[in-house]
Each structure stands twice: as structure tokens, then as C-alpha cells.
1. Please go through segment 129-144 and pick out each residue that is part of a strand (DSSP E or B) and surrounded by fewer than 19 Cβ atoms within 10 Å (Cβ to Cβ).
2. Using beta carbons and a limit of 8 Å, which pairs, at least six apart or on different chains, have the first residue in segment 78-91 and assigned by TED's automatic domain parsing to the domain that holds Phe56 and closer than 14 Å to Asp111 by Cβ and the second one assigned to a loop (DSSP other than H, G, I, E, B) and of a type in the set (Ser, Thr, Tyr)?
3. What residue, of Leu151, Leu114, Leu126, is surrounded by 15 or more Cβ atoms within 10 Å (Cβ to Cβ), more than 12 Å from the chain's Cα centre (by Cα), among the aliphatic types (A, V, I, L, M) and part of a strand (DSSP E or B)?
4. Which residues, taken from segment 96-111, are charged (D, E, K, R) and assigned to a helix (DSSP H, G or I)?
5. If you check Thr109 against the conditions, is it among the hydroxyl-bearing types (Ser, Thr, Tyr), closer than 26 Å to Phe195 by Cα and either assigned by TED's automatic domain parsing to the domain that holds Trp192 or in contact with a Ser or Thr (Cβ under 8 Å, 6 or more places away or on another chain) (or both)?
6. If only one of Ser57, Ser46 is hydroxyl-bearing (Ser, Thr, Tyr), part of a loop (DSSP other than H, G, I, E, B) and touching a residue at least 40 places away in the same chain (Cβ under 8 Å), which one is it?
7. Give me the residue from segment 42-67 that is more than 15 Å from Gly101 (Cα to Cα) and among the polar types (S, T, N, Q) and, out of that set, surrounded by the most Cβ atoms within 10 Å (Cβ to Cβ).
Amino acid sequence: MTALQHMLVDAAAPQPWRNGGGATRELFTWPGAAGQAGEPWQLRISLADITQDGPFSAFAGVDRWFAVLQGTGVRLGLPTGEHTLTMTSPPLQFAGEDTPGCWLTDGPTRDLNLMLQRGAGRAWMLPALPGQPWQSGAPLRALFTTGALQLQTDAGPPQPVAAWSLVLGTAAAGQVWSITAHSTGAGTRALWLAFAPRHP
């Protein structure tokens, strides 16, 4: 059994945006840490605190997934039109070069971002709900949760997961994952993330 990595949001230092509209906490990059040995990331999972209206930064050649974790939500202006996102909205996928305008609905928000260099493979983000098992052939799989819960995999016993944390396995292809003891209180959200690298 491959051990799962547990990463707390508060353990990642916030990096202020250049436009001053928020800050990003980088939770995970693949392969390795971005910038090491001159190798840029192909996959990046991060949490953003958005504190004021303003456009997103441009990421040319990158596909993005975005989900609201806390707060009333945002409106994003994209070439396909305006999208209003709340904590109950499914994750939104868009091209990084679209640089959408972002307007806060009613105060600051915290949001989860999954970014993938186009051509590096396949990635996705979807809601994680209690009682709904999740199986995927992707080797890299993760759970992000804003509330404490338990993660059950068919590769070992249940594992407690702290609130505001990312749990990640890099050899989890084919495993069945599910969550239990998930708080249903306001402000709680859990999401599955997956990445299958492109074969050479």
C-alpha cells in the first residue's frame, strides 16, 4: 500500500497576487516542486483567497478548473459568457489564456484551483459526496475538504482527514475511494481531483 500524503492549507505560505486582489497557497505541483532543476510544473493544485474584484492572471497553454470553497461566490467573465459560481456549483473548466474578469458576489472567497499544462495528460475535478464511491484509472488522485471527515480506500483502513486539507495518492489507479463522517454544516465542501499523465 502506498502512503497517502496529507497537506494542510495553513502549512502553505500565501503568495500575494501581482494585482493585489488576493493570495495563492500552492499545495502540490507535479513533477516535484515547481522551478526545481529548471523544470516547470505540469500539474498544480492551489487555494486562492480572493479579496477584491479584478481579472485572473493569464496562464497560456494551461487548462484550469475552479471551485468555490467558502464565501458567497464569484462571477467570472469568460468568452463563453458570464458564469456565477457558489459553493454548490460544479467546478468550472476554462482555458488559462482566457484571463476572466472576477467579481465578488458579496465579500471575499476561498477557491480551489487545478491547473494542467495542455498536452501533459488528463485532469479533472468533481464533487465528493458521502455514500458515493469514486473509482478512477488515474494514478494521481486527491481529496480536498473544508471539513473533517474520513477517507476510505480499498487499499487500507479508513484515514481521518483534517479540515482544510489535501490528501493525495500518486499510485492510486483503480482504487475505490469514499468519504464518511462528512459534516453537512454550512461552509463544508469536499472535492475529488485526478490526473493521468500523458504516456511518452
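The values are calculated or read from the model by the stated rules, or taken from the named source; none is laboratory data. Since the structure is predicted, the reported quantities are computational estimates derived from the model, not experimental observations. We place every Cβ from the backbone using ideal geometry, glycine too, and count neighbours over all the protein chains shown.
1. Going through segment 129-144, the residues part of a strand (DSSP E or B) turn out to be 134-135, 140-144.
Residues satisfying the conditions are Trp134, Gln135.
2. What qualifies is Thr84/Thr105; Thr86/Thr72; Thr86/Thr105.
3. Numbers: Leu114 fails: more than 12 Å from the chain's Cα centre (by Cα); Leu126 fails: more than 12 Å from the chain's Cα centre (by Cα).
Within the list Leu151, Leu114, Leu126, the selection yields Leu151.
4. Just the residues of segment 96-111 that are charged (D, E, K, R), to begin with: 97-98, 106, 110-111.
The answer is Glu97, Asp98.
5. On the way: among the hydroxyl-bearing types (Ser, Thr, Tyr): yes; closer than 26 Å to Phe195 by Cα: yes; either assigned by TED's automatic domain parsing to the domain that holds Trp192 or in contact with a Ser or Thr (Cβ under 8 Å, 6 or more places away or on another chain) (or both): yes.
Considered against the rule, which asks whether it is among the hydroxyl-bearing types (Ser, Thr, Tyr), closer than 26 Å to Phe195 by Cα and either assigned by TED's automatic domain parsing to the domain that holds Trp192 or in contact with a Ser or Thr (Cβ under 8 Å, 6 or more places away or on another chain) (or both), Thr109 comes out as yes.
6. Numbers: Ser46 fails: part of a loop (DSSP other than H, G, I, E, B).
Ser57 is the lone residue from the list that is hydroxyl-bearing (Ser, Thr, Tyr), part of a loop (DSSP other than H, G, I, E, B) and touching a residue at least 40 places away in the same chain (Cβ under 8 Å).
7. Ranking the candidates gives Gln42 first.
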